[in-house]
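What follows is a single structure, written as structure tokens, with notes after it.
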Amino acid sequence: MRRPVGAFLIVSAILAAAVVGLAVGRSNGPLPGWLDGVLPVAAKQSMAQSEASGPIIYYRDPDGLPDYSLTPKKTSSGKDYSAVRASEDVSFEEKAPETMTAKGGDRGKIRFYRNPMGLPDTSPTPKKDSMGMDYLPVYEGEQDDDSSVKVSVGKLQKAGVQTEVAERRTLNTVHRIRRKRHHRHACP
């Protein structure tokens, strides 16, 4: 009799802890203070959230779904969307490097404008392409190497490209070749 009651109490305690953990995990509010001493990771996360600064740039779904809004919004269950400030937003795009002239801090004189999509179309004056995108200025002193392709770090990361220092080495790969057996039949 004692064993079934003990097993029932253990299962009930585990189930109650799971329900409380689920409720705390899904809530938008800050975690309880006593939890900081038990879980130092939770304290670090709440500190990181309080350091957010800058204007609110968009709102995201509080449940982690890929749903975003430019204005405050509520989910179908009534939860408020979480505000994302400028310091919290993650950008994988690399800022364009500033080219400096030898004499001062200005970028130099604009030589021409190039097509933003990489087409070989240039213009001496600013204009827009067929999709309405502004042509990009090319300044004096910028490297203009038509034989190279430049891809932003963000696009490389999204594509999963990995780079490695070039070195001379032997590649060890195994190739399996299937051979078909041809049978020759004698013709009468």
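The values are calculated or read from the model by the stated rules, or taken from the named source; none is laboratory data. These numbers were taken from a predicted model, which means no experiment stands behind them. Every residue, glycine among them, receives a Cβ derived from its backbone with ideal geometry; neighbour counts consider all protein chains shown.
Assigned to a helix (DSSP H, G or I), among the small types (Gly, Ala, Ser) and modelled with pLDDT under 85: does that describe Ala42? Spelling it out, Ala42 is indeed assigned to a helix (DSSP H, G or I), among the small types (Gly, Ala, Ser) and modelled with pLDDT under 85.
May I ask you to list the residues in the range 61-110 that are farther than 25 Å from Leu156 by Cβ, at pLDDT 70 or above and among the charged types (D, E, K, R)? Correct list: Asp61, Asp63, Asp67, Lys73, Lys74, Lys79, Asp80, Arg85, Lys109. Looking at the range 141-156, which of its residues are surrounded by 11 or more Cβ atoms within 10 Å (Cβ to Cβ) and either at pLDDT 80 or above or more than 22 Å from Lys109 (Cα to Cα) (or both)? Listed by number, the residues that qualify are Ser152, Val153, Gly154, Lys155, Leu156.
Mind counting the residues in the range 118-138 that are acidic (Asp, Glu) and touching an Asp or Glu at 6+ places or on another chain (Cβ under 7 Å)? Can you show your working first?
Of the range 118-138, the ones acidic (Asp, Glu) are 121, 129, 134.
Going one step further and asking which of them are touching an Asp or Glu at 6+ places or on another chain (Cβ under 7 Å), we end up with none.
Selection size over the range 118-138: 0.
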